[in-house]
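What follows is calculated from the coordinates using simple rules that are stated; it is not laboratory data. Please read all numbers here as calculations on a predicted model, not as lab measurements. As a convention, Cβ positions derive from the backbone with ideal geometry for all residues, glycine included, and neighbour counts pool all protein chains shown.
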Amino acid sequence: MSNSSATNLRSPLGRARGLGSAKEGLHHWWAQRITAVAMVPLTLWFVYSVASLASGRMDFDLWLLSPINAAALVLFIVVGVHHGVIGLQVVLEDYVPTHLARTVSILLVKLIGYGLATVAVISTLIVTLGG
Amino acid sequence: MPPAKPVARPLSPHVFIYRWPLAAILSILHRATGVGLAIGVLLLTWWVTAAAVGPSAFDQATGFIGSPIGLFFMMGFSLALFFHLCNGIRHLVWDAGRGFEKGTTATSNAIVIVAALTLTAVSWLLAWM
């Protein structure tokens, strides 16, 4: 097989299909960074909160009765899990050799990650609204 | 062309042969702590969900977290979290195209390690006081 043009490195089949990259890499890259920036203040707030709860200075129900804390916890869960899922995706893409195992493991990570996040967010809302 | 017979060529030593520079250790630690923190989502979900289920479930969850093995996990998670946070900020600076000089990297290595250890120590002081 030879390329018809010396300057075009794509195979004739590749050109016929018109496919390059999946064209999602840039979005993935930005999502990883933007969630990272959002996690900086959220993480500091979260550790401060857990430390306050552990020391007994703050009661859990009172903590989540504050709408600001409830909103921050929901954001911490949702943004953190999204950051973790797209991060784990890159790790799996790097280390899982076969296409099938890679696809299945990435889908499992997404299912478990977003599933856990949903459960945690609903639990937060139950404590906040029902407490 | 017939398939070429494998030839016994000299192999380049793999990554484990070399003494790792500190920056390389911190780089793979960023990944390792990221995976560890993702597993920590299980504990976070258990903790919050137990609070929604009721007092006995919540006591069970906080009882585990306060047990020796739970505190061991919390120590690991807090250190991993602060390392990933500090090294992640350094990665954002690198993404902006800054801090790649050899001397700068050596300095930021030290800043990341000291900041992560300090933030972890301060958090445990806050939790103990």
Review point. Using the count of nearby Cβ atoms within 10 Å as a rough guide to exposure, how do B:HIS30, A:HIS83 rank from fewest to most?
Key: B:HIS30, A:HIS83
Check your understanding: How much length is gained on full extension from A:TYR114 to A:LEU65, taking 0.36 nm per residue of separation minus their Cα-Cα distance?
Key -> 15.2 nm
Practice item. Report the label-to-label distance for B:THR118 and A:SER11 in nanometres (one decimal), using points 7 Å from each Cα along the Cα→Cβ vector. Key: 5.5
Review point. Can you give the Kirkwood hydrodynamic radius for region A:24-130, in Å, rounded to one decimal and based on Cα pairs?
Key: 15.4
Study note, to complete from the structure: Within region B:1-61, DSSP-loop chymotrypsin sites (Phe, Trp or Tyr not before Pro) with at most 16 other C-beta atoms within 10 Å are B:TYR18
Review point. Given only helices, namely DSSP H runs of n ≥ 4 each adding -39500 (n - 2.57), what is the per-residue ellipticity at 222 nm of the protein assembly as shown, to the nearest 500 deg cm²/dmol?
Key: -27500 deg cm²/dmol
Practice item. Tell me the label-point distance for the pair B:TRP94, B:PHE72, using the 7 Å Cα-to-Cβ offset, in nm and rounded to one decimal. Key: 3.2
Review point. In whole Å, what is the distance between the alpha-carbon centres of region A:88-131 and region B:1-63?
Key: 15
Point to revise | Spin-label pair B:TRP20/B:LYS102, simplified geometry with 7 Å Cα→Cβ offset, distance in nm | key: 2.1
Review point. Using a Gaussian network model of chain B with C-alpha springs under 10 Å, which one of B:LEU37, B:LEU11, B:LEU22 is most mobile by mean-square fluctuation?
Key: B:LEU11
Review point. Once you charge only the Cβ atoms, +1 for Lys and Arg and -1 for Asp and Glu, what is the size of the charge dipole of chain B about its Cα centre, to the nearest 20 debye?
Key: 660
